[in-house]
Amino acid sequence: MSVLARSVGNAFRNKVRTAAVVAVLAVAIGLALAMLVANQAVAGKVAELNASVGTVLTVNPAGGQGFEGGGEPLTAEQATTAASVPNVSTVVGTKALRLRNADAAAAQTGGPGGLGGQGGPGGQAATTLTTSLTAAVDAGTLGARNQASTGTSGTSGTAPAFSVPITATGIGAEVDTTGKALELTEGTGLGDYTAASTGALLGTTLAEKNGLAVGSTFTINDQSFTVAGLFDAGTAFGNNALYLTLPAAQTLAELPGELSTMIATVNSMENVEAAKTALQEALGSDAADVSQGQRNLESAVSSLGSVKNISFIAFVAALATAGLIILLIMVMLVRERRREIGVLKAIGARNRTIGLQFVLEALVLVALGSAVGAAVASFASGGIASALISSNTATATTVAGQRGIPGGTPGGFPGAPAGGFPGAPGEGPLGGASQLLTSVTASASPGVIAAGIAAVFGVAIIGALVPALLTARIRPIEVLRGE
Amino acid sequence: MIEVKNLVRTFKSGDRTIKPVNDVSFELEQGTLASIVGKSGSGKSTLLSLLGALDKPTSGDVLVNGVSLAGMPDSKLTEYRRRDIGFVFQQFNLIPNLSAVDNVMLPMEFAGIRKAVRLGRARELLEQVQLDPDKHVRRINRLSGGEQQRVAIARALANSPQLILADEPTGNLDEQTGEHIIELLSSLSRDHNTTILVVTHDRSLANKTDRRFRLQQGRLTEEGARNRAAAGSPA
């Protein structure tokens, strides 16, 4: 019988006690693993936030935003300047266009208000183009009200049915207007976004409304475009949009080299503030407005950071508890088996052989506890992570609400039913942050569970080493005690 | 050959100093079956533990084939116990959750003997001590006292030691089983040329050994010797 076989046998000597020890260990190990899973999930989310929207700066023409305001448009040279600012990793230019359904536009041209009513301020009427597409969003009360307030003043009579414009954006990379990677649900991207192309990416609802799929064609100003892919922006407003390559949009607008906005991504969250200042200085405050579109995410990430810290501390505490349980159990077993250890020494067992036997016995108990604990963690980790996140984000939301953190930038697109362009849609006190927080999914991945169990075994070995070393102090004369 | 020279072991008990072993000296030739008798608390077990390197003497020395145990490091003493000594304890001291054959294999495992070899030898030894083959794989706690003592003797023989130290080997056994154990020890001593030192308070058992010692208040005196060839079987 080998040391291992003897250790396994010893672990089951007292089945009731073994079951009790395994149950206690399973709770501690399960809790440790659940906390590790939560920690990893939150860490992943924090990294994702830091890597995307949390580090994005939006550059608008000074005095202008979207189709509102005034000032001089941004240029490709300014994009080059922005890219050279320290800590700015990428700069993506955008060119915003408004598309009107050609038939609806023709009908409205003869009616009160005319198309000019939808051009709005900003002198950017040239970027309003006609398309074969029909908007996926009905005008409704908000659209009609916006239309009335911005385009039909001074007229009387019955206005023809108003259709909401479609947002078209020329982009220099596969990102949306907030700098977040586009989530393509079908098809592919547009390839080189810095070259003119007849490909387009359509929002899912816009494609559905027009009966288009990947490979279908549509027109903008009588020029044919092919649907290369579909994306899901997650909102009705966001999905009533399409993306073209930047040069294609500039060509359509007949404004080559002109940009509506620039999306500058900073290399880390810590550098955002400094990069914002540097970018503003480099471009000049009279030429560009630099804003941190998702500033509210700082509090969200901070809140997630707290959850991450709490879960890590709880993981370490649960791990230490498991180690302590092993230590105490093994000390108890060593004390209980002093005589047996003396016998083993009397018949020639080395200290290391006996120590190894006890360490292996501890590991058998830990292996059983880990198996049960992993099962517990796989069921409980999601709930524990949600509980941690909801309790922390509730605090963060309250604090943010008291501070009156605005949700996104003001809407600037007349006729749009909700939200603003190019800023992020407004969604309450924390904007999209609260959604991002609650979207953390704590799934017990095999890798994380394996890493957690490895940590548990490491702690168990340390916990078992102390009693194993105690066995070395037991003298073989113990065997004669009581005889 | 075992030589014991002026062996002393003292213990402190409060202000008092106890000397269970007080200047003990004797020699045993290889293959001798010897006994030490004495009352309870006379120091018999302490002397046995000193001879078996379970304990260290306060002074004096034990020489095994001329090699001194005094000053030997613990690792060497462990090796000595594993290679040269076989213990038979009064309460058997077998590992309760192991089978008879696993208990006998233990000292061989510690000596690094391959599993197949130690399994064969363990079964051979258990047959030698007349344990039924169907009980070889039975757990210790399912064997009778006599059977357990036979397993303990087989375990003591596992690594073919030069010296077997038996502490009250019949103390927990009935008379008939005790007689059988003594016969067994005697035949082992004779057939394997193994030196066997039995500690007992049983006079009749002592009378069946080649040399008889008495331990009284820590001091050892030889009571007599017997010519085994003349006496024939100790039974």
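A short reminder: the numbers here are calculations on the coordinates, not readings from a lab. Since the model is a prediction, treat every value here as computed from it, not as a measurement. Here the Cβ is made from the backbone with ideal geometry for all residues, glycine too, and neighbour counts use every protein chain on show.
In chain B, Cα pairs under 8 Å separated by at least six residues give a relative contact order of 29 percent. The ranking of A:Leu142, A:Leu36 from fewest to most other beta carbons within 10 Å of each one's beta carbon is A:Leu142, A:Leu36. Each 10 Å bin from zero up to the one holding the largest Cα-Cα distance in the stretch B:116-191 carries the following percent of pairs: 18, 54, 27, 1. The Kirkwood hydrodynamic radius of the stretch A:255-379, based on inverse pair distances between different Cα atoms, is 21.0 Å. For chain B, the longest principal axis of the alpha carbon atoms and the long axis of helix B:175-192 meet at an angle near 90°.
So if I take the centroid of the Cα atoms in the stretch B:61-115 and the same for the stretch A:195-267, what is the distance between those two points in Å? A separation of 85 Å, based on Cα centres.
Give me the net charge of A:Val175's neighbourhood, meaning all other residues with Cβ under 15 Å from the Cβ of A:Val175; Lys, Arg count +1, Asp, Glu -1.
On the way: positive: A:Lys95, A:Lys180; negative: A:Glu48, A:Glu174, A:Asp176, A:Glu183, A:Asp192, A:Asp232.
Overall, the nearby charge balance is -4.
Label-to-label distance, B:Ser68 versus A:Ala181, with points set 7 angstrom from Cα along the beta-carbon direction: 7.8 nm.
May I ask you to order A:273-285, B:140-152 by the average number of other C-beta atoms within 10 Å around their residues, highest value first? Intermediate results must be reported in sequence, preceding the final value.
On the way: A:273-285: 16.7, B:140-152: 19.8.
Top to bottom by mean Cβ count within 10 Å: B:140-152, A:273-285.
Per-residue extension of 0.36 nm, minus the Cα-Cα distance of B:Ala111 and B:Asn97, leaves a gain of 2.9 nm for this segment.
Relative to the longest principal axis of the Cα atoms of chain B, helix B:100-110 runs at roughly 60 degrees. Scoring B:175-183, A:92-100 by mean Cβ neighbours within 10 Å over their residues and listing the highest first yields A:92-100, B:175-183.
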